[in-house]
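Below is one structure, written out as structure tokens; comments come after it.
What follows is calculated from the coordinates using simple rules that are stated; it is not laboratory data. Predicted model, so just to flag it, every value in this text is computed and none were measured. Heads up, the Cβs are rebuilt from the backbone with ideal geometry, glycines too, and the neighbour counts pull from every protein chain shown.
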Ligand code: WT7
């Protein structure tokens, strides 16, 4: 395998100048973690410093960082830059779905809008600790709403704008949000009337905690406004006071909740707190994107996911970056859109997902070749393993062989990047996330929890110690936090991923080892999809697995048994797909549905997904041990009838 040496031009100016410097600082971070994190915490402005750097007990899933400290996340992202004289500098560049729509906010303007919004929320009775649900497309008001919540100490829960009303409802109810912020309708690609407000209306029929809906006018399409409950954003801001002092928050006060799919049951409300998260996102953004003042930084993620929280808003803005936000999609109006935007805004740092690269690579080099991509300095990827072909395309065609690629491994739960190359520092190998970030001790464990020492080993990826940005609990269910991440391997944080360490000590993520499927970089729980399919009146039982897909990384394969007397018709198939789209969202709909008489179960009734995964992936020569099945004969018909 070819290795790619760090680029000397990047190195000259980089925050970390060599692999030796990385190793030195890494050792320091591991041997003197309290000193290291106290030093990094200097990049945050604290109203009061901490009493204690960290305290943790993985056996109880208790973790605190910077206990006793006071700060405000919004103040750190906005006010202090204005105070330091950078008010006229660009903070946010928004690129609309249609190429002629661009809006820029400098830090003065952002501060003005955020304060008005914060006061508008206060006028609706939102205070410190209250939960606010944000259900929007990628418009500037989404970032403003997030920062406004942080300003007043309200806990935001952003729900990705493609989620269906039922999913929105479940998320609002789980954390009992008081206010919902949405928009009239949304535009994305060729869709120009995505029903945001009307989806919200359906959801709030069954969310007793919602008192008001704040509605941004994006398209002007007609929507219903309920008197006394629904408030236009522009009206609310027009009658708000201009000044709103940032709330002094404890380091361990919740900053936000973000729902992620679990391997069982309902989605988990991943809860992040304030101090550690701000230190971790700003530190990682600084080093991993080697961010320097005035550089144009663009992360293409949606703010509905953790990548948008940590690396569009909090990390970059704490570092006074020029951060970009894009409303559209990579193939609208054509497959050159990303590259056109890079040329237009002279983007320096670009962070996207392997699935987008695969989709764009397929369309040929002519699209990127139409544009001037000389401004690019560093390229990043996140969300799923990147394979060699798209890595090479990214390196050669987009980066013109001069831009280091940072393949960043992390999770909603980790809050920030844990395993990654550093640009100009780390020799890269296509497909490897390479080495741990400062303070991180990855461990590979066998299924019994034994630590696999040395190189050339493969096992379950766990972390030996906490880091400041990690989640603190599952909202309302600390026991579930413990059981999901700390029970299987006592004393460690278990990621749910498999991983190997190669001869150079480099980490290679091999994918999920639990019942989570990563589709186009979106985290989906099999249980949630199975629940939705199982709600169809003809369905007796469903089992959902992932299988490799050329563009999406993985796609969804559903094995479905029908109730006795119910016939399989084309309608059943369409209805099932419709149901999943309506219950969860289009991103969760199964690509393949195989109707079957029976599912492979153990004598205790547990579905053996390993077998189904092999069938779905066409690995039929080695299905694995089927002797523990209650009825091994179901396997042969499953194999014969596979799609
Ligand atoms: C899962 C977490 C982190 C933000 C986006 C996804 C997979 C993530 C990589 C990578 C291989 C990766 C893992 C992880 N993943 N980054 N660089 N290489 N796999 O957040 O939805 O919480 O999903 O995404 O399987 O566990 P998420």
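The table for this structure:
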quantity	calculated
Rounded if a/c under 1.5, otherwise prolate or oblate - the range 520-640, Cα gyration tensor axes	oblate
Residue 56-residue 202 pseudo-label distance in nm [points 7 Å out on the Cα-to-Cβ vector]	4.2 nm
Cα gyration tensor category, rounded, prolate or oblate, for the chain with a/c compared to 1.5	rounded
Fewest-first sequence of 357, 422, 444 by Cβ atoms within 10 Å of each Cβ	444, 357, 422
Net lengthening on full extension, residue 47/residue 571 (0.36 nm per residue, minus Cα-Cα)	182.5 nm
The range 95-142-the range 155-172 distance, computed between alpha-carbon centres (Å)	17 Å
Stokes-Einstein D (µm²/s) once Rh is taken as the Kirkwood radius of the range 435-529 over alpha-carbon pairs, at 37 °C in 0.692 mPa s	228 µm²/s
Computed FRET value (nearest 0.05) for residue 15 with residue 102, which takes r as the C-beta separation and R₀ as 25 Å	0.25
Antiparallel %, DSSP beta bridges [both residues in the range 328-424], to 5	10 percent
Antiparallel DSSP beta bridges within the chain, percent to nearest 5	60 percent
Estimated FRET transfer efficiency (residue 582, residue 86; beta-carbon r; R0 41 Å; 0.05)	0.35
Euclidean distance between Cα centres, the range 563-620 to the range 374-449, Å	34 Å
Pairwise label distance in nanometres, residue 631 with residue 227, each label 7 Å out on the Cα-Cβ vector	6.1 nm
Exposure proxy order (Cβ contacts within 10 Å, fewest to most) of 507, 22	22, 507
Potential extension, residue 344-residue 387 segment - 0.36 nm per residue separation minus Cα distance	12.6 nm
Antiparallel DSSP beta bridges within the range 107-244, percent to nearest 5	10 percent
Computed [θ] at 222 nm, helices only, for the chain once each DSSP H run of length n ≥ 4 contributes -39500 (n - 2.57)	-7500 deg cm²/dmol
Order by protection proxy (mean Cβ within 10 Å, highest first), peptides 122-133, 628-639	122-133, 628-639
Added length on full extension, which subtracts the Cα-Cα distance from 0.36 nm per residue, residue 621 to residue 38	204.4 nm
Spin-label pair residue 427/residue 479, simplified geometry with 7 Å Cα→Cβ offset, distance in nm	5.1 nm
Prolate/oblate/rounded call for the range 172-214, Cα gyration tensor, a/c under 1.5 rounded	prolate
Residues of the range 468-493 with amide N under 12 Å of a point placed 7 Å along Cα→Cβ from residue 441	492-493
For a label point 7 Å along the Cα-to-beta-carbon line of residue 458, residues of the range 377-394 with backbone N under 20 Å	384-389
Which of 640, 184 has the fewest Cβ neighbours within 10 Å, and the rest in rising order	640, 184
Whole-angstrom gap from the range 490-516 to the range 24-59, using each part's C-alpha centre	25 Å
